[in-house]
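The values are calculated or read from the model by the stated rules, or taken from the named source; none is laboratory data. These figures come from a predicted structure and were not determined experimentally. Cβ placement follows ideal geometry from the backbone for every residue including glycine, while neighbour counts extend to all protein chains displayed.
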Amino acid sequence: MARVPAVLMFVVLCLPALAHELPATAARLRASAAEFTARLDSARRAQLVLPFDDAARTDWHYTPRSRPGVSLAQLTPVEREALHAMLQVALSQAGHQRVRDIIELERVLKAIEFALSFLRDPEKYSLVLFGDPDPVKPWGWRFEGHHVSLSFTIVGNHIAASPTFFGANPARVASGPKAGLRALAAEEDEARKLLGMLDAGQRAKAVIDARSYGEIVTRASATVSPIDGRGLRASEMTQAQRAQLRRLLTIYAGTLEPGLRDRRLVRSEEGDFGTVLFAWAGPTEPGKPHYYRIQGARFLVEYDSSQDGGNHVHTVWRDFDGDFGRDLLREHYGKK
């Protein structure tokens, strides 16, 4: 009998998780959100909570701008701890550390970008709730600031966790107290490993453009659709190459807490994994502007490091049907 690859066995074992509810995580999110809210005075509580159907729920971005909700600047140290406790419920340890590292990069930018230093502020990250935490009614929340946007929609015990955006500027800190910090190192390194495993024919299919695109193609769109059919299919890869592709997807999924991570990985396998496309644009040597994406039947991952000579990264995980919990909400309202 042929031996089932470990990665494939992992996926098979996780398949039930797609429809499986996450009651413990949903309950912890409700409790942590309620605890944070209770710590605020009435004025800040009014800022924090917007109606669930408010247009701001799908109006997300990753640039410095004004945002709804309450910012870190408005919180006491104890209240900040309560906010981070809420993040730690939804994120893995690695995901939470990414958030902290990206916020710290604002201090780096403030020191090296004199003309734009007024925009660089580690206090300008905000939490907003859409609806009150409820065991039945839909509600959601977003934590967002420069280079971080984390959206969660909760319907009963079901949780949607996209879009998920992380960015880093500088991608590699050159000097100062944070010298050597690479907040999104694995996203580049594991993709380069996959690229390095391809033979000449495979690489000719995978590299779709000589130049990078200057930005993730989908930007901060409220909805996304498949981009195009260019790239190298997983079915055209060897077993080892497919394993590396899955390893790269795990880097992105692994920013979430274990239950959400597993659901995301299962979603990436839906349909035929062989049709998943890996596409690269730009030079393939390190240190130059580059872009790649991974696109499946249900999801899209984009990575871009075009700005600042290839030392400024944007990454995003999108769900064609499930961003902002659209599939969960459709099912929820369909049952009424």
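Miscellaneous remarks
- Residue within the stretch 239-250 that is modelled with pLDDT of 95 or more, within 30 Å of residue 156 (Cα to Cα), in contact with a strand residue (DSSP E or B) (Cβ under 9 Å, 6 or more places away or on another chain) and surrounded by fewer than 17 Cβ atoms within 10 Å (Cβ to Cβ) present: no
- For the stretch 170-201, filtering for residues that are part of a helix (DSSP H, G or I), touching a residue at least 40 places away in the same chain (Cβ under 8 Å), within 25 Å of the chain's Cα centre (by Cα) and surrounded by fewer than 21 Cβ atoms within 10 Å (Cβ to Cβ) leaves 5.
- Cβ separations smaller than 6 Å between residues 6+ apart or across chains give the following pairs from the stretch 85-96 residues that are farther than 14 Å from residue 166 by Cα and touching a residue at least 40 places away in the same chain (Cβ under 8 Å) to residues that are surrounded by fewer than 21 Cβ atoms within 10 Å (Cβ to Cβ) and among the charged types (D, E, K, R): 89/28.
- Residue within the stretch 212-229 that is out of contact with any Leu (no Cβ under 7 Å at 6 or more places or on another chain), over 30 Å from residue 141 (Cβ atoms), modelled with pLDDT of 95 or more and β-branched (Val, Ile, Thr) present: no
- Candidates 334, 310, filtered to the one that is of a type in the set (Gly, Ala, Ser) and modelled with pLDDT of 95 or more: 310
- Residue, surrounded by the most Cβ atoms within 10 Å (Cβ to Cβ), within the stretch 152-165, restricted to residues that are assigned to a strand (DSSP E or B), of a type outside the set (Ser, Thr, Tyr) and touching a helix residue (DSSP H, G or I) at 6+ places or on another chain (Cβ under 7 Å): 154
- Pairs, first under 30 Å from residue 313 (Cβ atoms) in the stretch 42-66, second of a type in the set (S, T, N, Q) and loosely packed, with under 14 Cβ neighbours inside 10 Å, C-beta under 9 Å, six or more apart: 58/223
- Identity of the residue in the stretch 1-44, in a loop (DSSP other than H, G, I, E, B) and modelled with pLDDT under 95, that ends up nearest to residue 71 (Cα to Cα): 21
- Reported count of residues in the stretch 234-288, each being among the acidic types (Asp, Glu), more than 22 Å from the chain's Cα centre (by Cα) and part of a helix (DSSP H, G or I), is 1.
- Within the stretch 85-121, tally of residues that are over 18 Å from the mean Cα position of the chain (by Cα), of a type in the set (Gly, Ala, Ser) and assigned to a helix (DSSP H, G or I): 3
- Filter pass, residue 313 being in contact with a Gly (Cβ under 7 Å, 6 or more places away or on another chain), touching a residue at least 60 places away in the same chain (Cβ under 8 Å) and of a type in the set (Val, Ile, Thr): yes
- Selection of the stretch 50-74 for residues being aliphatic (A, V, I, L, M) and touching a Leu at 6+ places or on another chain (Cβ under 9 Å) yields 50, 56, 70, 72.
- Taken over the stretch 122-151, the criterion of being buried (at least 18 other Cβ atoms within 10 Å of the Cβ), in a loop (DSSP other than H, G, I, E, B) and out of contact with any Ser or Thr (no Cβ under 9 Å at 6 or more places or on another chain) is satisfied by 122, 131.
- The residue that is farthest from the chain's Cα centre (by Cα), among those in the stretch 221-233 that are in contact (Cβ under 8 Å) with a residue 60 or more places away in the chain and crowded, with 17+ Cβ neighbours inside 10 Å, is 231.
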